[in-house]
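Notes follow the structure.
The values are calculated or read from the model by the stated rules, or taken from the named source; none is laboratory data. Bear in mind the structure is a predicted one, so any value in this text is a computation, not a measurement. Cβ placement follows ideal geometry from the backbone for every residue including glycine, while neighbour counts extend to all protein chains displayed.
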Amino acid sequence: MGVKTENIKKNYLIPIIKLLILGLFITVLVRAYNNIHFYSAINIEPNSGLLNYLKIITKTSYFRSILIFLIPFVGIFINRRIGWILITSFFFFLLSTIIFNWNYKEFFNRIDFFVCIIFTAIILLFIGIMNIKEISNLKYGIAKSELVSNNIIASIIGMSITIIMALT
């Protein structure tokens, strides 16, 4: 029995995506923890320890990133439709963030432009992987006829998070 490409896709694409999200979450969490002492040293108010930490969580980009990464992190453990929507909405968030930043970023050299194009292509690849029949139907129970509506829900969630991040 040889290893077929279809069996590899069915068995290894979702764990790769889940490990990617888990790795990104751990990286952001460690980075935020390492920087909390820097921010707490700057914003110290006497006798309000918890208030200082809440201020740091809401004002620094590291802890805001943790709150955003909680969305796909929770989706990793839910093997139902809501888990698929949470994971896919994270990829739509990344895509809309890149597109949003394109409007405000002047590309002084070609390298910046090509890096943005490559990241956009990678994110679109992950969205495409999440829409494969073996993943969406067999793993998460989403019929092919329901994929469009679920993609719309995921894109609305992802773009809403981008808008909220831009406004705050």
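Some points to look at:
- In region 83-118, the residues that are loosely packed, with under 14 Cβ neighbours inside 10 Å and at pLDDT 90 or above: ILE118
- Scanning region 76-95 for residues that are farther than 16 Å from LYS18 by Cα, without any contact (Cβ under 8 Å) to a residue 60 or more places away in the chain and either touching a Ser or Thr at 6+ places or on another chain (Cβ under 8 Å) or among the polar types (S, T, N, Q) (or both) turns up nothing.
- Taking region 138-153 as the range and being within 16 Å of ASN79 (Cβ to Cβ) and surrounded by 15 or more Cβ atoms within 10 Å (Cβ to Cβ) as the test, the residues that pass are LYS139, TYR140, ILE142, ASN150.
- Selection within region 121-168 - small (Gly, Ala, Ser) and free of Cβ contacts under 8 Å to residues at least 40 places away in the same chain: ALA121, GLY128, ALA143, SER145, SER149, SER160
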